[in-house]
């Protein structure tokens with residue numbers, strides 16, 4: 001592969017993967033990199049999971065060179081990709097997507113996009129990335145996502161304010177279908193078995209429901225942080241409202257707010273609040289889950305589920321300068337070859353997911369049913385972070401019982 005493609009191969013692939021997850025806000029991708037934009041760029045969505053096993057994928061993006069693009073071609077890009085999941089059901093192994101994107105300046109960037117796709121989809125990209133989940137499957141016999149088939153088309157208008165805020169209107173039509181677990185392979189993991197797909201939920205008996213869905217979604221994403229990659233100060237707010245029709249007549253409202261606040265020396269306080277509500281459907285693909293990675297870390301994966309969700313956590317990061325000073329008091333520890341890259345974090349979190357009305361799914365978005373603050377579950381713990389959290393080990397203790405109450409999780413390239 002030409003060297004000029006290598007830097008953007010994974011980045012472009014991630015940009016073109018649609019986000020079905022309720023708490024994963026999607027924006028029109030912005031071209032960036034160290035190389036001059038190329039007319040043709042390769043990308044990939046290759047990954048591994050228990051439904052497809054290895055999914056090999058390759059795509060190409062076409063974008064006329066700026067100096068040659070005139071008229072409608074200015075700001076236009078076309079893309080398409082195809083892939084093969086080696087262990088998926090035979091008629092569902094080939095997946096693909098193709099679409100176009102057109103940028104206008106009025107004066108901020110306005111993007112129109114449309115695509116037709118046939119994908120294995122998940123609502124769990126707010127919990128873990130495809131890359132991290134693939135590594136967990138290959139090496140640790142863990143799969144933290146649940147999947148369903150999603151085929152259809154969509155179009156969107158994406159308006160960028162002040163280069164950092166986004167307003168987006170999206171409409172689509174797609175068919176959702178259940179997928180089964182087809183692989184139990186992993187390099188390591190002994191006798192472990194992957195959970196069924198979707199995994200049985202402790203609090204509900206609901207499953208993916210096959211059906212056609214029309215949807216319209218209004219998204220707002222606002223970013224007042226000082227740095228979008230390694231933020232130190234500021235607010236971030238993301239929210240969207242969705243209405244669906246056809247086989248699934250639902251309303252959904254989802255909100256996530258984050259605060260970054262520096263304190264002493266190189267220490268920092270970061271906090272997150274999430275609210276989610278869905279009315280009109282008990283289908284698995286519309287439910288909200290909580291527990292495990294990126295949520296209540298002291299609890300099992302998706303231990304709580306329902307059509308209402310509340311979650312909040314607070315993390316206090318102690319940077320290497322402060323934490324390193326503590327390590328220097330332990331001569332054996334500070335001789336470790338990587339100790340200068342280690343920092344410490346402590347955290348506390350609380351939340352719950354539940355069914356507002358078990359008798360029916362039509363309770364209003366702000367109808368919490370019999371929920372009370374006593375229903376909230378909590379945990380607390382500490383984290384060891386390597387290279388500002390690019391690698392992280394979490395040690396979490398749940399507070400609702402005194403046995404089997406500690407859980408250790410390992411994260412790679414996880415962002416708060």
State whether the residues of the stretch 240-255 include one that is more than 30 Å from residue 318 (Cα to Cα), at pLDDT below 95 and out of contact with any helix residue (DSSP H, G or I) (no Cβ under 9 Å at 6 or more places or on another chain). yes
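Residues checked against (1) surrounded by fewer than 19 Cβ atoms within 10 Å (Cβ to Cβ); (2) under 22 Å from residue 400 (Cα atoms):
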| site | (1), (2) |
| --- | --- |
| 224 | yes, no |
| 247 | yes, no |
| 250 | no, no |
| 253 | yes, no |
| 280 | no, no |
| 284 | no, no |
| 291 | no, yes |
| 295 | no, yes |
Among the residues of the stretch 49-72, is any at pLDDT below 95 and closer than 26 Å to residue 183 by Cα? no
Quickly run through the stretch 393-409 and pick out the residues that are in a strand (DSSP E or B) and free of Cβ contacts under 8 Å to residues at least 40 places away in the same chain. 393, 395, 408
Considering 234, 220, which residue is at positive phi and at pLDDT 90 or above? 234
Which condition from (1) over 20 Å from residue 353 (Cα atoms); (2) surrounded by fewer than 18 Cβ atoms within 10 Å (Cβ to Cβ); (3) in contact with a strand residue (DSSP E or B) (Cβ under 8 Å, 6 or more places away or on another chain) is the one that residue 381 breaks? (2)
Failed condition for residue 178, given (1) surrounded by fewer than 19 Cβ atoms within 10 Å (Cβ to Cβ); (2) farther than 26 Å from residue 72 by Cβ; (3) modelled with pLDDT under 95, with all others met? (3)
Any chance the stretch 201-212 includes a residue that's at pLDDT 90 or above and not in a loop (DSSP other than H, G, I, E, B)? yes
Kindly indicate which of 237, 253 is in contact (Cβ under 8 Å) with a residue 12 or more places away in the chain, in a strand (DSSP E or B) and over 20 Å from residue 367 (Cα atoms). 237
Every listed condition ((1) closer than 24 Å to residue 364 by Cβ; (2) out of contact with any strand residue (DSSP E or B) (no Cβ under 9 Å at 6 or more places or on another chain)) holds for residue 193 save (1)
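The values are calculated or read from the model by the stated rules, or taken from the named source; none is laboratory data. Note that the coordinates shown come from a computational prediction; the quantities given were computed from them, not determined experimentally. Here Cβ is always computed from backbone atoms with ideal geometry, including for glycine, and neighbour counts include all displayed protein chains.
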